[in-house]
Amino acid sequence: MSANGNKRVGVLVMSYGTPESLEGVEAYYTHIRRGHPPTAEQLEDLTSRYRAIVGGVFPLRENTNRQVAALQRTLDELAGEGRYVCYQGLKHAAPFIEDGVAAMAADGVKEAVGIVLTPQYSIMSVGGYLKRAKEEADKHGVAFAGIEEYHLHPELIDALKKRVSEGLERLGGGSSDTMVLFSAHSLPEKILELKDPYPEQLLATSRAVAEAAGVEHWQFTWQSAGQTGQPWLGPDILETIERLGREGAKAMLIAPVGFVSDHLEVLYDIDIEAKRFAEERGIKLERIRMLNDDAQYMKAMAESVLAAIGERAL
Ligand code: FEC
């Protein structure tokens with residue numbers, strides 16, 4: 001039972017954040033670059049990628065709003081209305097993580113849980129979100145528990161399994177020519193020196209989904225690496241497609257298990273860039289549907305929240 005009896009528990013739901021408009025891309029990109037504005041060329045490159053996917057609408061914003069609302073409904077169903085109250089906190093856009101914590105403190109919340117809309121832990125991803133949330137919670141005297149990962153939650157694995165099976169159907173029933181490529185955002189290689197669990201957790205999610213879906217031919221590959229002059233984790237998805245093409249692959253299903261929403265890294269990096277690259281090599285490429293506000297995904301997160309507060313064993 002929680003130390004605060006039946007009082008309301010705040011749930012800080014954290015996501016990457018996206019610009020409000022094409023005019024907001026520069027400020028957003030500057031925030032990602034820790035206050036260093038991008039060059040004109042870098043800005044144009046990013047803006048043109050957004051232009052290609054959005055036509056003025058940034059899907060991650062609406063998807064995050066829907067996820068927060070759906071998690072609230074799921075928590076109300078599992079724990080009774082009003083016991084948990086969700087707040088949104090974004091890494092690189094308003095409302096920032098600190099705004100979300102301040103809002104719950106202003107509402108009188110004394111105990112909070114933080115969960116990030118990505119299932120696997122890295123010190124550079126989830127670790128960063130939780131650190132910022134905890135520092136702000138300390139300032140307001142809010143007791144804060146961060147959920148580090150939920151990458152093997154059975155509801156998450158089952159939701160992903162269904163999407164892989166459905167994607168294979170779209171490609172013609174999962175013939176032996178079809179390769180499933182699990183993918184996630186690359187990070188600088190230096191995380192390996194820190195014994196970061198990120199690569200292992202991504203492999204564990206991929207393996208569990210492949211086993212559940214009965215997939216024999218699968219590999220894991222990285223995507224969306226930054227251009228920072230330092231080495232990033234590889235192989236990159238384009239290198240992997242190139243190699244598999246040379247080895248005779250004709251069809252591929254991409255399962256971006258490190259992401260949960262439709263957003264730039266999926267709608268551009270996979271649906272436009274990787275797809276075009278594969279087609280130029282005579283390979284048919286499809287992607288699984290993203291989880292967005294899928295009911296099973298919401299249940300995985302809600303149960304993780306209840307477990308963090310000691311109200312349910314996972
Ligand atoms: O749709 C959208 O508007 C936002 C899509 C988006 C998501 C996302 C998720 C992750 N990132 C992660 C790591 C890094 C590191 C850097 C970095 C840079 C960018 C840039 C854009 C961007 N990320 Fe991102 N990321 C998204 C978008 N990301 C835009 C800047 C231009 C570019 O590189 O394309 C490098 C920062 C630096 O320069 O130092 C590192 C990780 C995730 C998955 C976990 C999470 O969602 O938090 C890890 C969505």
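Any read-out appearing in this document is the output of simple, stated calculations on the displayed coordinates, not a laboratory observation. These figures come from a predicted structure and were not determined experimentally. Here Cβ is always computed from backbone atoms with ideal geometry, including for glycine, and neighbour counts include all displayed protein chains.
Return the lysines within reach of LYS139: Cα separation strictly under 27 angstrom, same-chain partners fewer than 8 residues apart disregarded; answer none if there are no such residues. List returned: LYS7, LYS91, LYS110, LYS131.
Model label points for GLN230 and LYS110, set 7 angstrom from Cα along the Cα-to-Cβ axis, are 4.2 nm apart.
Can you give the FRET efficiency to the nearest 0.05 for HIS140 and ALA94, using r as the Cβ-Cβ distance and R₀ = 22 Å?
Details: r = 18 Å, r/R0 = 0.83.
So, using R0 = 22 Å, E works out to roughly 0.75.
Relative contact order of region 154-287: 33 percent, from C-alpha pairs under 8 Å at least 6 residues apart in sequence. Can you give the translational diffusion coefficient of region 42-165 in µm²/s, computed by Stokes-Einstein from the Kirkwood radius over Cα pairs at 10 °C and 1.306 mPa s? D, rounded to a whole number, is 97 µm²/s.
Summary of the geometry: region 245-314 and region 166-196, compared by the centres of their Cα atoms, lie 9 Å apart. Orientation-averaged projection of region 31-83 equals 5.7 nm² [convex hull of Cα atoms, one quarter of hull surface area].
Translational diffusion of the chain was estimated from the Stokes-Einstein equation, with Rh taken as the Kirkwood radius over Cα pairs; at 37 °C and 0.692 mPa s the coefficient is 161 µm²/s. Annotation: amide H-H contacts under 5 Å for MET179 (H modelled 1.01 Å from N, sequence separation of 5 or more, or interchain): ALA251, MET252, LEU253. Could you state the angle between the C-alpha long axis of helix 154-170 and the longest principal axis of the C-alpha atoms of the chain, as a value from 0 to 90 degrees rounded to the nearest 10? Helix 154-170 sits roughly 30 degrees off the main axis of the chain. Counting 0.36 nm for each residue step from ALA204 to GLU247 and taking away their Cα separation leaves a gain of 12.9 nm.
Our estimate of slack between GLU189 and GLU279, defined as 0.36 nm per intervening residue step minus the Cα-Cα distance, is 29.4 nm. Quick one: plug the Kirkwood hydrodynamic radius of region 106-260 (C-alpha pairs) into Stokes-Einstein at 20 °C, 1.002 mPa s, and report D in µm²/s. Estimated via Stokes-Einstein, D reaches 125 µm²/s.
Our summary gives the chain a relative contact order of 22 percent, counting only alpha carbon pairs under 8 angstrom and 6 or more residues apart. Of the residues THR74, THR64, the one with the fewest other Cβ atoms within 10 Å heads the list, and the complete ranking is THR74, THR64.
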